[in-house]
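FYI, it's all coordinate maths here, none of it is from the lab. A quick note: this is a predicted structure, and the numbers were derived from the prediction, not measured. No Cβ is skipped: glycine too gets one built from the backbone with ideal geometry, and neighbour counts run over all protein chains shown.
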Amino acid sequence: MRTDEEKFTRGRVTMREKFSDDLWRFRVDPGEGFKFVAGQYATLGVEKDGKRIERAYSLVSSPYEKELEFFFELVEQGELTPLLFPIEPGADVLMRRIAKGRFTLDLKSGHRNHLLLSTVTGVAPYVSYVRTLYADWKENKFPGDLHLYVIQGASRSWEFGYRDELERIAAEVPWLTYVATISRPWEDADWGGEVGRVEDVIRKYVDKWDLVISDTTGYLCGHPQMIELGNGILMRCGFDKLSVRQEVYWIPAKETSA
């Protein structure tokens, strides 16, 4: 049985950036090699009152990057994000030494098209995919025989933490298409892009991009309601269960009758 010292390490926060009042990212130097595959997650922890509080967070960074990057949403009633929110560069966070997760890019099916659906922080693993493929592309190690179609939803445009990066790469390479859509345009008067929840626009873009279901893998990551509704829409579009991958960021509490 592994001891706590063998299971955990301390990472040093090297950068912190706020996107909005409740959305931010930071980077962590793990201090030693941390192996993972794009799409996996790392488990972070904070000690409080003699108790270790841990949660899993998708890695935004590519395995090629030395530092690990995370995209957070502050949950006021949550156990861990209120403790992570005030952490500034120079502070340490606990980390489990081993990355986990199977929400990786489907390279076994032979599908050339990959439809990546997300809400807000659910874009994190997709950024990891894109950064990894982009690094390979620049080194002529990725022939561009796959195409990633990313749809990211949020309530308002300032919640798109990685929109600029994804739009920049999409404008440069032939294998990435990115669409951002907001569900509260009345609160974002300057927005001129797509409008609607992610699940509202899936059919539109499956048709627009002429995605052949037999050659496409679907991915759902983020808010559980989007995943539930989005999965149903993909099934009705003709996707089978083996061609849809899901990463739910939290399980909603069950409602109890009075």
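Can you bin the stretch 142-258 into rounded, prolate or oblate? Criterion: square roots of the alpha carbon gyration tensor eigenvalues sorted a ≥ b ≥ c, rounded for a/c under 1.5, prolate for a/b above b/c, oblate for the rest. Note, shape of the stretch 142-258 comes out oblate.
Under 19 Å of direct C-alpha separation, and excluding same-chain neighbours fewer than eight residues apart, Lys141 reaches these aspartates and glutamates: Glu65, Asp106, Glu172. Under the convention that each Lys and Arg Cβ holds +1 and each Asp and Glu Cβ holds -1, the size of the dipole of the chain around its Cα centre is about 740 debye. DSSP beta bridges confined to the chain are antiparallel in about 50 percent of cases. For the stretch 59-100, applying the loop criterion from DSSP together with a ceiling of 16 other beta carbons within 10 Å to the GluC sites (Glu not before Pro) yields Glu65, Glu67, Glu76, Glu79. Shown is the FRET efficiency for Glu6 and Glu88, computed with R0 = 35 Å from the Cβ-Cβ distance and rounded to the nearest 0.05: 0.75. Starting from the Cα of Trp209, step 7 Å along the direction of its Cβ; do the same at Gln246; then give the gap between the two resulting points in nm. Calculated label separation equals 2.0 nm.
Its relative contact order, with pairs defined as Cα atoms under 8 Å and 6+ residues apart, puts the stretch 4-96 at 37 percent. For the pair Trp158 and Glu76, a Förster radius of 22 Å applied to the C-beta separation gives a FRET efficiency near 0.75, rounded to the nearest 0.05. Straight Cα distances below 23 angstrom link Lys204 to the lysines Lys241, with same-chain residues fewer than 8 positions distant left out. If the chain linking Arg236 and Ala135 were pulled fully straight, counting 0.36 nm for each residue of separation and taking away their Cα-Cα distance, it would gain 32.8 nm.
Computed from the C-beta positions of Phe142 and Asp21 and an R0 of 45 Å, the FRET efficiency is 0.75 to the nearest 0.05. Taking packing as the residue-averaged number of other Cβ atoms within 10 angstrom, the listed peptides 8-18, 112-122, 37-47 run from highest to lowest as 112-122, 37-47, 8-18.
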